[in-house]
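Report on one structure; see the data block that follows.
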Amino acid sequence: MGLTGFLTVSAALFTLGMVIFISRKNAIAILMGVELLLNAAALNFVAFARFTPSQASQLDGQIFAVFIVLLAAAEAVVALAIALSVYKEFHQVRADKLVSLKG
Amino acid sequence: MSHIQSVIPFVPILPLFGALVMGLLGKKIYTKFGENVTGILGCSMPFISAVFAVTSFIAINGLDVTERIIRINLMNWVTVADLQVEWTFRYDPLSAIMLLVVTIIGTLIHIYGMGYMHGDKSFSRFFAYMNLFLASMLLLVLGDNLIIMFLGWEGVGLCSYLLIGFWFSEKQNAVAGKKAFIVNRIGDLGFLTGILIVAYFSMTLFGSTNLSFVEFQGNIDVLAEQTIWGLPLLEVIAVCFFIGAMGKSAQIPLYVWLPDAMAGPTPVSALIHAATMVTAGVYMMGRVFFLYTMAPHALGFISIIAALTCFMSATIGMAQFDIKKVLAYSTVSQLGYMFLAMSVGAFSAGIFHLLTHAAFKAALFMGSGSIIVALHHKQDMREMGGLLKKMPITGYSMIAATLAIMGFPLTSGFFSKDEILWKAFIQGSPMLWLVGFVAAGITSFYMWRLVFMTFFGETRMDEHTWDHCKEQPKRTVVPIAILAIAALTIGFWNVPHFLGGHSNFTHFLDPVVHDLSSSPMENYRKLQLIKEKEQQSSTDHAAKSESGHQDASAGHEGAVDHTALEWGLMAASVAWTFFTGFLAYIFYMRNPKAREQIMASAFAQKIFLVLNNKYYVDEFYEAVVLTPIRKLFDFLGAFDGMIVDGLVNFAGFMGRITSSFVGIFDNEIIDGLANGAGWGAQAGGKGASSLQSGKIQTIIGSSLVIFIILVACVVLFLG
Amino acid sequence: MMGIPELFFYFFTLMVIGIGCVVAFSKNLLRSAFALFFVLFGVAGFYVLLGADFLAIVQIMVYAGGVNVLLIFGTMLTADISTPKTSNLSFQGALTVVAGVTLFVILAVIINSGNWPTYVPGEMMATTKDLGRLLLKEYVLPFEVVSFLLLASIISAIVLVQRGD
């Protein structure tokens, strides 16, 4: 417990998210990694809100976390819409195969 | 004096100019103006020189005896440290005589050459060379110092080579020219050694030298006391100079070039090998007579060589069939006479014989040339005969010259040869006289043999040649006649005392060339005694005169009167020569069969063979001298081929090795570096470009890695 | 003896990290998607431990129940039939793990060596009312923008999917 504990967990989550993001080939898996990243950040916010609150209000961090959740939802919607479109076109969503834009 | 001084410098320069003109423009003149104009142009310069020679001679006769040495300084030539040679001409009685001989006979032979070389395609080149020869000879004769004399000496050697090998397209002519030049060169080495010794001693003893004869003569007493290599200096110089004369004047052992020189055109043989070049050695001895007076041992050596030459070549001449070869060996023999005279101290007698010999030998050569041309270049006497009817002028001229050479009374040859024989007897030794005496007889024999075989008796020619031969045109024949007349009459210049004359010639030469009146050895001893007496009495004996009065007993002959002996010897030689001439008459005219009988015996055949083959001297030289030298050449050539070429090839090999190394180095390493750089750039580029993939994953991943690295750096370096 | 909160903290930590590894390294995409559920639940538990009760519920409702469901839908709808089952343990994968571990170590070091302010947190209170008030007072602008954003995303999703026709 304590601030450092939560921050450590958040760091671990962040690391996991990075690993997933970098190493997985499926687009949906990459999205999952992104979710983990976001969660790690939100956890950070909330932990700081609890242990070092700002002058204005104690719950700034939590507000931020709420917004992060909302944004994550919006982003997931759009990303999945894209993934479906891509799937329709290419019949696959593997990131390492979808490279025709590469220069 | 001023006439001489103004005229003499032109005498050698005009023929030189003529040579230049004929050499550079001669072909053009020949093709444009024809043969006659070219010939006249070629003869013009010698003619003018001859005119000058005659006028100078007349002028010098008008001078007082003491003023007859005229030195004409033109300019400085060599000015190096102690050696200051000037370009000076010396005109004195000796030069005057030589000038007359060279220019007059030269001009006559040039005119003769116009006729002889008729139709030859190298007409202009002939006159160029002849003019050049005259220029060189005149330089030799007029030079006031040893260097100019040597310059002329070399020049005549060169011209002799050029003229002997005139028709060089035939190999044997070129070979003969080469032989003449090389044998001459061997002699020149001796001459040059002598000059260098004189120069060296003059420079060390007197501080500086100009090598002029005046200086040489004036310092002769000082030089007489020096030694070189353990020998008396003057003896060594005298022998060295004589070696030069051996080469130039064809004495044993360097005479072998002269008979081969007959390969050249006959005018060349007449001018060079009878009258002028070969006499250069005799002239030289006359010029430096003061040197030879103080070198009695050298003179003794010379007398032996001269006598031997005289006799030997006369015997060879007896057995030759080529008309020019007979005359060539005769020349060698007569030169022996001249040197014989010089070697017993009778310098003026030698010069006088030079003069008479020039006249009659040139006449003989020109006559033979006329015959050769008439017979379309046939030279073998066995194919001649009865030519007197067909070619009278040539024939009678040659007979006149033969009378002179045999010493028929009152001809020029008579006076000059008898003078020599007398001096040889009285100042040399009876042995010397005997050799000369016998040789005189042999001379008479072979000359009459020549005449009888050529001009008399039944002709042995074939029909065609007989019909076509006729007397040559005037320009060819008239010079012969002129010289023949001269041969008969010149003798009266030097009639000796016992016959009632005044020896004008000897007196004429006296201020410049002083005869000895006792044998050289005796004279030398007397001089030593006088010197010792002077030193003992320690009085300032100013008995040195410029003309080098080294004759111990001044004035005419001593108390003893030799007139009877002279008459006796003269009568003996006349009788002997008449006898041998008569023998020739019998053997070749009256009773040829007797000759054939004698010749048929084996002994006679053997002797004949030896004589005909010139005592196999050439073969001897070939085996002993030339073959080892050729082997040395082969060895050197092989050496050059193996070692020098080997070195060159080795250098080339090393070059190839080095370059292949460099090539490998270049290929592997340099190219490797270049290729490596390219490969590195490619790989780096590939690697770097992989960063630029469109994959977001890669981008994020690499930025993560970089972040880690950055953190690591910060931690490590910034603590 | 650890307190109850510490126990829960460790429990939730284990859950998050353990199941997070399942999400990362599972070959089966569906399994990863379902595992993500539990990860999200774990994070919600953390929120509770931190006194953010409203946020925890929002997390479960929106994130786990909305986003994750969407992901599962996406997984099923874009199933790779053709691709063979390749191993995830590639060189690249190993390197990534190494990098990740390094990153974690770095972060952990940083976190633990930092001078965090020592503030003893007070009692946990209900946050719903306060959050509501904040949203509509101080943070009304972001609130409105986010709602606009949500609208935009819905419309764009529809447009994107329709493009396929």
Practice task
List the DSSP H helices in chain C whose Cα atoms stretch 20 Å or more along the helix axis and whose mean Kyte-Doolittle hydropathy is at least 1.6.
Solution key: C:4-25, C:29-49, C:91-113, C:140-163
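Would you mind giving the mean number of other chain beta-carbons within 10 Å of the Cβ of each residue in A:53-63, as a whole number? Provide the component values of the computation, followed by the final result.
On the way: counts 3, 0, 0, 2, 7, 7, 11, 3, 3, 12, 10.
That average works out to 5.
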Handout entry: the stretch C:120-165 shape via C-alpha gyration tensor axes, a/c threshold 1.5
Key = prolate
Completion exercise
The helix A:60-90 Cα axis meets the longest alpha-carbon principal axis of chain A at an angle in degrees, between 0 and 90 and rounded to 10, of 10
Practice task
Using a 10 Å cut-off on Cβ atoms, rank the peptides B:47-55, B:148-156 from the highest mean neighbour count down.
Solution key: B:148-156, B:47-55
Handout entry: Dimensionless Rg over Rh [the stretch B:675-717; C-alpha; Kirkwood]
Key = 1.16
Handout entry: Partner chain coverage, peptide C:120-127 - average Cβ within 10 angstrom
Key = 2
Fill in the blank from the handout: Given Cβ charges of +1 for Lys and Arg and -1 for Asp and Glu, the option among A:GLN92, A:ILE20, A:LEU80 whose Cα lies farthest towards the positive end of the dipole of the stretch A:2-103 is A:GLN92
Exercise for the section: Would you mind giving the mean number of other chain beta-carbons within 10 Å of the Cβ of each residue in C:24-34, as a whole number? Expected result: 3
Completion exercise
Calc'd 3J(HN,Hα), the stretch B:664-676, phi into Karplus 6.51 cos²θ - 1.76 cosθ + 1.60 (θ = phi - 60°), Hz, glycine/Pro = x, comes to 4, 3, 4, 4, 6, 7, 5, 4, x, 4, 4, 4, x
Fill in the blank from the handout: Computed ³J(HN,Hα) along the stretch B:473-486: with the Karplus parameters 6.51/-1.76/1.60, θ = phi - 60°, integer Hz and x for glycine or proline, the list is x, 4, 4, 7, 8, 4, x, 4, 5, 4, 5, 5, 4, 4
Completion exercise
Protection proxy (average C-beta count within 10 Å per residue), highest first, orders B:206-212, B:239-245, A:79-85 as B:239-245, A:79-85, B:206-212
Practice task
Positive end of the charge dipole of the stretch B:615-655 (Lys, Arg +1 and Asp, Glu -1 on Cβ, about the Cα centre): tell me which of B:PHE635, B:LEU647, B:VAL617 has its Cα farthest that way.
Solution key: B:LEU647
Exercise for the section: Just need the Rg to Rh number for the protein assembly as shown, please, alpha carbons only, Kirkwood Rh. Expected result: 1.69
Handout entry: Using alpha-carbon coordinates, inclination of helix B:347-374 to the longest axis of chain B, degrees
Key = 80
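In this model, which of B:LYS361/B:LYS593; B:LYS324/B:LYS593; B:LYS171/B:LYS470; B:LYS378/B:LYS606; B:LYS324/B:LYS378; A:LYS25/A:LYS97 are farther than 19 Å apart at the alpha-carbon? Walk me through the numbers before you get to the answer.
Details: B:LYS361/B:LYS593 31 Å; B:LYS324/B:LYS593 26 Å; B:LYS171/B:LYS470 31 Å; B:LYS378/B:LYS606 27 Å; B:LYS324/B:LYS378 11 Å; A:LYS25/A:LYS97 9 Å.
Distance filter (> 19 Å) returns B:LYS361/B:LYS593; B:LYS324/B:LYS593; B:LYS171/B:LYS470; B:LYS378/B:LYS606.
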Practice task
Report Rg(Cα)/(2.2 N^0.38 Å) for the stretch C:1-83, keeping two decimals.
Solution key: 1.25
Exercise for the section: Could you work out how far apart the two model spin labels at B:HIS3 and B:ALA712 are, taking each label as a point 7 Å from the Cα in the direction of the beta carbon, and quote it in nm? Expected result: 12.4
Handout entry: Relative contact order (%) - criterion: Cα under 8 Å, at least six apart; region: chain B
Key = 11
Completion exercise
Longest principal axis of chain B (C-alpha) makes with the long axis of helix B:296-318 (C-alpha) an angle, in degrees to the nearest 10, of 80
Problem - Quarter of Cα convex hull surface for the stretch A:3-90, i.e. mean projection, nm² - result: 5.9
Fill in the blank from the handout: For the stretch A:3-90 the mean separation of alpha carbon contacts under 8 Å (6+ apart) over residue count, i.e. relative contact order in percent, is 25
Practice task
Go through the stretch A:14-103 and name the trypsin sites (Lys or Arg not before Pro) that are in a DSSP coil and have 16 or fewer other Cβ atoms within 10 Å of their Cβ.
Solution key: A:LYS97, A:LYS102
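Is the stretch B:615-655 rounded, prolate or oblate when judged by the Cα gyration tensor, a ≥ b ≥ c being the square roots of its eigenvalues, rounded requiring a/c under 1.5 and prolate requiring a/b larger than b/c? Walk me through the numbers before you get to the answer.
On the way: a/c = 9.92, a/b = 8.21, b/c = 1.21.
Here the stretch B:615-655 falls in the prolate category.
P(r) tail for the stretch B:155-274, what percent of Cα pairs lie past 20 Å? Spell out each step's value before the answer.
Working: 3590 of 7140 pairs.
Value for the stretch B:155-274: 50 percent of Cα pairs lie more than 20 Å apart.
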Problem - Dipole of the stretch C:125-165, positive end: most advanced residue of C:SER153, C:GLY132, C:PRO142 [Cβ charges, Cα centre] - result: C:GLY132
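At a 10 angstrom cut-off on C-beta neighbours, averaged per residue, how do the peptides B:322-333, B:390-401 rank from highest to lowest? Write down the numbers at each step before the final one.
On the way: B:322-333: 24.7, B:390-401: 22.2.
In decreasing order of mean packing, B:322-333, B:390-401 become B:322-333, B:390-401.
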Handout entry: Cβ-placed point charges (K, R +1; D, E -1), dipole of the protein assembly as shown about Cα centre in debye, nearest 20
Key = 2660
Problem - the stretch B:12-19 - phi-based ³J(HN,Hα) in whole Hz, Karplus 6.51/-1.76/1.60, Gly and Pro as x - result: x, 6, 4, x, 4, 4, x, 4
Problem - Percent of Cα pairs exceeding the 40 Å cut-off, where the set is chain B - result: 40
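Based on Cβ point charges of +1 for Lys and Arg and -1 for Asp and Glu, what charge dipole magnitude is obtained for chain B about its Cα centre, in debye rounded to the nearest 20? Spell out each step's value before the answer.
Values: 43 positive and 47 negative charges, 415 e Å.
With Lys and Arg at +1 and Asp and Glu at -1, about 2000 debye.
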Exercise for the section: Only bridges with both residues in the protein assembly as shown count here: give the DSSP antiparallel percent, nearest 5. Expected result: 95
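Read-outs throughout are calculated quantities, based only on the coordinates presented, and are distinct from any laboratory measurement. Computed from a predicted model, the values in this text were never measured in an experiment. Positions of Cβ are backbone-derived with ideal geometry, glycine not excepted, and every protein chain shown enters the neighbour counts.
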